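Chemist: My questions all concern the structure below.
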Protein chains: 2
Amino acid sequence: MTYIVEIKVMPLKELLDPQGKAVLGGLANLGLSAIQDVRVGKNITVQVTADSADQAKELARTAAEKLLANPVMEYFELDCRPA
Amino acid sequence: MTYIVEIKVMPLKELLDPQGKAVLGGLANLGLSAIQDVRVGKNITVQVTADSADQAKELARTAAEKLLANPVMEYFELDCRPA
């Protein structure tokens with residue numbers, strides 16, 4: 001069966017996020033001062049063939065750990081659904 | 001009240017995603033051939049002060065339309081929750 005797994009990779013909460021700070025400045029210039037904090041990360045959507053949702057999630061976790069997320073600077077979250 | 005809005009910005013489904021294709025190649029080299037398709041986009045988490053969740057979502061939508069997403073190449077989805 002085919003599953004869609006969304007891998008959300010975000011900068012660790014303890015770290016500064018210069019890209020987010022730049023976006024925040026841009027939003028303030030547009031008059032959107034109600035927005036107080038911005039953090040920018042990646043969203044990677046993968047299509048996986050697996051026997052079960054758990055197996056699909058495990059494959060996506062391996063992909064995130066080996067290639068997609070840098071654990072020194074980023075954490076990731078997974079969300080799995082049938083395709 | 002403070003809300004967290006997650007803005008997911010992804011390349012339009014009709015368009016090629018060269019970054020996703022590159023990741024797919026990398027995953028194949030790692031032996032993860034069960035992963036068949038990859039699309040890479042952005043995830044922007046904003047913290048918004050607003051009277052209601054609807055207002056927070058509307059502010060985030062304005063931010064996405066004016067600054068964060070390029071409608072020629074990208075679409076976006078919003079997800080709002082209390083902070």
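Bear in mind that the values in this text are calculations on the coordinates, not laboratory data. This structure is a prediction, so every number in the text was calculated from the model and none was measured. Cβ: placed from backbone, ideal geometry, glycine included. Neighbour counts: every protein chain shown.
Chemist: If you scan the range A:1-29, which residues turn out to be charged (D, E, K, R), under 23 Å from B:THR49 (Cα atoms) and within 10 Å of chain B (Cβ to nearest Cβ)? Steps first, please.
Modeler: Kept after step one, since they are charged (D, E, K, R), are these residues of the range A:1-29: A:6, A:8, A:13-14, A:17, A:21.
From what is left, the residues that are under 23 Å from B:THR49 (Cα atoms) are A:13-14, A:17, A:21.
A:ASP17, the sole residue that qualifies.
Chemist: Of the conditions (1) of a type outside the set (Ser, Thr, Tyr); (2) under 30 Å from A:LEU59 (Cβ atoms); (3) more than 7 Å from chain A (Cβ to nearest Cβ), B:GLU58 fails just one. Which one is it?
Modeler: (2) is the only condition that B:GLU58 fails.
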